[in-house]
Every structure is written in C-alpha cells, then in structure tokens.
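The values are calculated or read from the model by the stated rules, or taken from the named source; none is laboratory data. Quick caveat: nothing in here was measured; it's all calculated off a predicted structure. Because the Cβ atoms are built from the backbone with ideal geometry, glycine has one as well, and the counts that use them run over all protein chains shown. These area figures cover heavy atoms from the full protein model, side chains too; ligands, DNA and RNA do not enter into them. Shrake-Rupley method; radii C 1.70, N 1.55, O 1.52, S 1.80 Å.
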Amino acid sequence: MGFFSKYRKYQVLQIIISTVFILGSSLAGSTLAEYHQNTVEYKAINCRKHSAVLTDFGAVGDGKTSNTKAFEEAIKKLSKYAPDGGAQLIVPAGKWLTGSFNLTSHFTLFLHKDAVLLASQDEDEWPLLTPLPSYGGVRENAAFGRPGGLIFASNVTDVIITGNNGTVDGQGAVWWEKFTEKKLKKLERPYLIEIMYSDQVQISNITLINSPQWHVHPIYSSNLWIQGVTILAPVDVPNTDGINPDSCTNVIIEDCYIVSGDDCIAVKSGLDQYGIKVGMPMKQLVIRRITCISPKSAAIALGSEMSGGIEDVRVEDITAINTESAVRVKTAVGRGGYVKDIFVRRMTLKTMKYVFWMIGSYSSHADEGYDPKALPEITNINFRDIVADNVTIPGKLEGLGEGNPFTGICISNVTMTLAEKHKEPAWNCTDVSGVSSNVTPMPCAALPKKSMDCPFPEDQLPIEKVRLQTCSATS
C-alpha cells in the first residue's frame, strides 16, 4: 500500500504541474490552430494525401477493449498509400487500450486532444524482439528477447507521431511492481515509443505518462525531430527516463517538459565491447528549451553507455528544478569510445545537488568480456552562461585515474549560490584539466583562470534548417 500511496501522491502532483504548464505555455499549442470544430492544423515534415480514423477499423474507445488488432489492420491497409502521398491515422477522443503495434513509412499517427492510448498490461500483447546489437543483451535477457515499444517502428522512412496534445499512458505501476518483485514473464519492461534503423521521424505535441521503462528511445536512426513533448513519471520510480537518443545522427530535441524518476534526457551509443564493435556514434544533436524535474538524476546525461562515441552535442536554454545534476558525463574504464565536442550555454538551475558532475568510475559493465584496456576519451567539454541557486555541490569532476584525465574542460560566466547545507569543499577535482573564467564559487586548481568565453558553435546543424509544413487532421 505504501508504494501506491506514494504513486497517487506523485500522480496528483503531475496533474497539477502539467495543467499549469499546458495552460501557461504555448510550446505545444503554438503550432496548432483549430479552424473547424473537428479539424486541426499541425506542423509536420510532410503532409498526407490520404486519411482514416481508427474507428473505421472496429476500434472501441472504452478503455477496456483491446484495440491492438484494429491498429494493426489500420496501419496495414494505409501502408498501400505510401507511394501515393502517404496516409494518416487519426485516433479520436476516447480511451484506446492497445498492445504494441508497428508503424509504416510515409505515415502519420495523429492523437486527438482527448485521445488516450492505454498501454496493455498483458505481457502477451508485447511481441519479443532480438537484443540490441550495441548492448549485447544487457538491457534484456538474451535468451528471451525484449519487448518492443508500445509505438514501434523499424526500417521506416518519413514517420510522424503527433497530435494536439493527446496522451499515451504507459500504465506503468503494474510493470514497476512486477519488475521489483521479479514477476515479469519476459523479464524486462517495454518503452512507450521506440524507433530503430529509421530516417526522417517526427515526434511532437503529445503527452507521455508513466512508461513501464524509458518513454522515448530512438536508436540507429537519423534526422529526428522531437518537439513539444510533455513527459510525466513519478520521481521515485527508476528507469523512467524521458528521451534517450542512442547511436543516432542529426537530431533535435526542443520545447519539452519532463518530470522523471531518472534522467530527463540520456544520450547513449552502446555499451562496452558491443558498442565498440557496432561503432555507431551519437552525433549532431541539438537540445534546447527543455524544462526538467528529476530529483534523483540528471537533466541531461552523456553516457554511461557511450562506447560508440558521443560528439557534437549542442545544449542551450535549459531549466532544471529540484534536479540532482545538470549536464552529467558518465563513463568508466572498459567503455572505450569518446565524449567530445560538447557545448552547453544558458542554463537556469534551481535547487540542485550538483551543477558540474563528471565521473570516470561508473563501474557497471555488460558482462565479463569487456576490455579493461579500452579507455574512453573525454575532451572538449564546454559550459557557459549558467545561473544556479540553492546548490549543494558546485562541482565534482573525476577522470579515469592513473594518469588518464578528462581534458579540455572549459567553464565560463557561471554564478552559483550555495544551499544553506552545502558541502565543503565546493569543488572536488581529480584527473581533469581545463580552464575557467568568471566562475563563482572559484573552481578547483585544475581549472585555472583564463579570461575568455567558452566556445559555442555559431553554425546550424542540418536538422535545424528543415522547414515544417502546415498539415491538417479531421476527426
């Protein structure tokens, strides 16, 4: 009873927070304009020539009837329009219970503002997939496979998941309890949205709540737009990460609001020898205008699964409230790979345990086959223009040890106000090197003063140059 009492408390808190956010923000609504009672305009990478409503395929929105077959049938029939302008499937108002279903190319899934997709709690409605090659089965039991996402896509092009702030509810409480008690038949919990081996994918203007595990996981994909997404999960439930881009190229995550029991955004590229072998880096990533609440984790984590490499990440205009850390770097001996060319500016932080936190001893490994001589390279990490209030620990920077430092760290124009019960010393630095300028409290000796502004790229990545079209959906 204790767990569910806490769960209800956080559920009420989430409803209050999300209501205030949605009413007070124009992020999700700024691209939508209702011009007819049942017609909505929305912005998308492509509009569709053909359209259908989920109820055309026998779906029942009573929250009890399984609609997995209705989704499968609808998408199968609409897939024939892929060469003729594509198709969109509109999910109208109602509560639509469903298991996992697969999207197709040149396709839009549109959720009405009063539509709620309810993730089935029946494990048999979640088909098993093969393990992810860059993880070697560590995220699932290799003998059993792993459940895919509720909304899943693999090897597709031009796919859109959007709406006028409709909801996808993972109904995670049962999954969390079964996982804790080791009662899951398939041993692992599914994600809400997972995209694999795909190109040109948009996820926008929807609300995701209470995923059994991660909420959004794009992997081995390119050209991704994630915009105007609200994500809500209890802050005391681990592994409910918000958005985890993984071994992808040319990605933008912007204008999102995330409350999570784990990292709001975690940037990844595979684990240990498996990630090294696949060798697919996470690169060309823009993260901006994000609000995060995560008392036990980071606003943005880089790693610890970074064995394929993480590079050219641009983070700006971030707000974190009551969050354990801001942008955190996590790695370990045996990871290999690299984290380099990271640029962060304009963060507003309130009630933080850490502001700057980098660690080279995040010691969990895929299995005993990892190479202890595979040393990760952490270099050219840049922070500037940060204001933080009520901070417990300004900086904890720990390299790999044994003469293997994190290098090229630059911190400039940062003001941190310490919490009443802050830790001393304010900074703890070992096996790191870099510079600092205009930072309060004064950094450690490993970051000597140098009059400069840390760099931030002025060019645009290709994903930033794309112009969205105005489309419409009629339900």
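Go ahead and estimate [θ] at 222 nm for the chain from helices alone: -39,500 (n - 2.57) per DSSP H run with n ≥ 4, summed, over the residue count, rounded to 500. Taken over the chain, the calculation gives -3500 deg cm²/dmol. Going by accessible surface with a 1.4 Å probe and the largest first, LYS423, LYS182 read LYS182, LYS423. In terms of packing, defined here as the mean over residues of other Cβ atoms within 10 angstrom, the peptides 66-77, 328-339 line up highest first as 328-339, 66-77. Which of the three applies to the range 158-206, rounded, prolate or oblate, going by the alpha-carbon gyration tensor with a ≥ b ≥ c and a/c under 1.5 meaning rounded? Because a/c hits 1.5 or more and a/b fails to exceed b/c, the range 158-206 counts as oblate. Counting only Cβ charges, +1 for Lys and Arg and -1 for Asp and Glu, the dipole size of the chain around its Cα centre is about 440 debye. Each peptide among 381-387, 174-180 gets the average number of other Cβ atoms lying within 10 Å of its residues, and from highest to lowest they stand as 381-387, 174-180.
A dipole drawn for the range 182-303 from +1 and -1 charges on Cβ atoms has a positive end, and of LEU302, GLN227, THR249 the residue lying farthest that way is LEU302. Which part of the range 45-60 falls in the paramagnetic zone of LYS77, meaning amide N under 18 Å from the point 7 Å along Cα-to-beta-carbon? Once the point is set 7 Å along Cα→Cβ of LYS77, 49-60 turn out to lie under 18 Å by backbone N, inside the range 45-60.
Dipole of the chain computed with +1 at Lys/Arg Cβ and -1 at Asp/Glu Cβ about the Cα centre; of THR104, VAL414, TYR197, farthest Cα towards the positive end is VAL414. Put a plus charge on the Cβ of each Lys and Arg, a minus charge on the Cβ of each Asp and Glu, and nothing anywhere else: the dipole of the range 158-288 about its Cα centre is then about 360 debye.
Multiplying the residue separation of GLU402 and VAL466 by 0.36 nm and subtracting their alpha-carbon distance yields 18.5 nm. Coupling constants for the range 403-416 follow from the phi torsions by the Karplus curve (6.51 cos²θ - 1.76 cosθ + 1.60, θ = phi - 60°), and in residue order they are x, 10, x, 7, 10, x, 7, 10, 10, 9, 6, 10, 10, 10 Hz; glycine and proline get x. Across the range 361-475, the relative contact order, built from alpha-carbon pairs under 8 Å that are at least six residues apart, equals 24 percent. Considering all different alpha carbon pairs of the chain, the Kirkwood hydrodynamic radius works out to 22.7 Å. Of the options PRO281, PRO457, LEU184, report the single residue whose Cα projects farthest towards the positive end of the charge dipole of the chain (beta-carbon charges: Lys, Arg +1; Asp, Glu -1). So the residue furthest toward the plus end is LEU184. Were the residues from ASN38 through LYS296 laid out at 0.36 nm apart, the gain over their Cα-Cα distance would be 88.7 nm. Put a plus charge on the Cβ of each Lys and Arg, a minus charge on the Cβ of each Asp and Glu, and nothing anywhere else: the dipole of the range 226-334 about its Cα centre is then about 160 debye. Seen against the Cα atoms of the chain and their longest principal axis, helix 2-24 is set at about 80 degrees. Scalar couplings 3J(HN,Hα) for the range 381-386, obtained by applying the Karplus form with A = 6.51, B = -1.76, C = 1.60 to θ = phi - 60°, are 10, 10, 10, 8, 6, 10 Hz; x denotes Gly and Pro. Among 404-413, 424-433, 225-234, the peptide with the highest mean count of other Cβ atoms within 10 Å heads the list, and the full ranking is 225-234, 404-413, 424-433.
Note on LYS449 and ASP317: the model spin-label points, each 7 Å out from Cα along the C-beta direction, lie 3.3 nm apart.
Measuring nothing but how far apart in sequence close Cα pairs (under 8 Å, 6+ apart) lie, relative to its length, the chain scores a relative contact order of 11 percent. On the chain, 51 percent of the accessible area sits on carbon and sulfur atoms, based on a 1.4 Å probe.
Between TYR197 and GLU420, the FRET efficiency from the beta-carbon distance, with R0 = 56 Å, is close to 0.65. Estimated from the Cβ-Cβ distance and a Förster radius of 60 angstrom, the FRET efficiency linking THR180 and ASP56 is about 0.90.
The heavy atoms of HIS50 present about 40 square angstrom of accessible area, all protein chains included, probe 1.4 Å. Here the Karplus relation 6.51 cos²θ - 1.76 cosθ + 1.60, evaluated at θ = phi - 60°, turns the backbone of the range 329-338 into coupling constants of 9, 10, 7, 6, 4, x, 6, x, x, 7 Hz, with x for every Gly and Pro. For the residue pairs LYS330/LYS353; LYS330/LYS396; LYS69/LYS95; LYS43/LYS283, the alpha carbons lie more than 19 Å apart in LYS43/LYS283.
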